[in-house]
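Take a look at the structure below.
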Amino acid sequence: MPASTLTKHRATVRSTVVLKAIMAITGLVMIGFLLAHMAGNLWVFAGREEFNDYAHHLRTLGEPMLPHKVLLWALRIGLLLSVVLHVYSAITLWKRAHVASARKGGTRYHTSKGQRGVQRSYASFTMRYGGIVITLFVIYHLLHFTGNQIHPGGASSSPYDRVVNGFEIWWVWLSYVIAMVAIGLHLRHGLWAAAASLGANTSPRRRRQLNTGAITIAVVITVGFLLPPTLILFGGIS
């Protein structure tokens with residue numbers, strides 16, 4: 001192999017490894033955000049005043065050391081940067097895999113579980129499409145609960161009222177369920193892939209542990225997010 005070709009090959013391999021590492025790290029950042037966000041949502045069980053206080057204190061993080069909303073915006077920008085890098089890496093890696101498989105996609109090596117050379121769980125198969133669903137949902141979610149530009153259930157300056165009034169509508173609840181299932185599946189495969197990219201699955205025992213951990217975290221986040229809207233819809237919170 002000519003030296004120039006070898007250099008290009010090494011550069012491609014290295015950049016692919018870097019992209020996978022970026023996906024893994026940014027994915028873990030977003031999982032940390034989801035856990036914190038889920039815990040915050042559970043304040044809705046404490047009542048209207050407590051939930052509104054929680055929402056207000058998010059905007060005063062870092063005070064008086066920092067000006068109003070500065071730390072909140074720093075966290076938002078960091079999260080947005082993680083999302084952009086995650087999506088860019090995902091699209092780039094998908095394009096490379098598509099080209100490498102002669103644009104057939106998904107066909108790899110043969111195993112007893114994949115007689116046709118396709119090793120895919122349902123979670124991994126839905127990663128790309130789930131990502132689109134999640135992106136659309138995040139836009140809607142921000143317009144509803146953060147920006148307050150759309151108001152299913154009625155406009156209100158109270159975060160608690162926006163949450164409760166919104167989730168009393170069945171289609172708002174259903175859209176949330178669809179999005180959270182997509183997020184759960186994304187997390188299930190994404191956590192496993194992140195561990196693999198960072199070199200954590202070093203043995204069969206470790207792989208089983210990582211698999212169990214990925215399923216557990218995905219279930220906890222999915223159920224944790226769905227609990228408040230489901231209880232609201234069926235009258236458990238008013």
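When Lys95 is tested against (1) among the charged types (D, E, K, R); (2) under 23 Å from Leu136 (Cβ atoms); (3) surrounded by 13 or more Cβ atoms within 10 Å (Cβ to Cβ), exactly one condition is not met: (3).
Condition first: hydrophobic (A, V, I, L, M, F, W, C), under 21 Å from Gly199 (Cα atoms) and in a helix (DSSP H, G or I). Can you find one or more residues in the stretch 31-49 that meet it? Yes: one or more hits.
If we keep just the residues of the stretch 154-186 that are among the charged types (D, E, K, R) and in contact (Cβ under 8 Å) with a residue 40 or more places away in the chain, which is farthest from Asp53 (Cα to Cα)? This residue is Glu168. Checking each residue in the stretch 50-72 for being hydrophobic (A, V, I, L, M, F, W, C) and either under 30 Å from Ala194 (Cβ atoms) or in a helix (DSSP H, G or I) (or both) picks out Phe51, Ala55, Leu58, Leu61, Val70, Leu71, Leu72. May I ask you to list the residues in the stretch 66-99 that are without any contact (Cβ under 8 Å) to a residue 12 or more places away in the chain and among the basic types (Lys, Arg)? Passing the criteria: Lys69, Arg76, Lys95.
Output the residue which, of all residues in the stretch 187-238 that are among the hydroxyl-bearing types (Ser, Thr, Tyr) and closer than 18 Å to Phe51 by Cα, is modelled with the highest pLDDT. So the residue we want is Thr230. Scanning the stretch 198-219 for residues that are within 26 Å of Val138 (Cα to Cα) and touching a residue at least 12 places away in the same chain (Cβ under 8 Å) returns Gly213, Ala214, Ile215, Ile217, Ala218, Val219. All conditions in (1) closer than 21 Å to Tyr176 by Cβ; (2) part of a helix (DSSP H, G or I); (3) modelled with pLDDT under 85 hold for Leu79, with the sole exception of (3).
The values are calculated or read from the model by the stated rules, or taken from the named source; none is laboratory data. Because the structure is a prediction, the values reported are computed rather than measured. Using ideal geometry, Cβ is built from the backbone for each residue, glycine included, and neighbour counts are taken over all protein chains shown.
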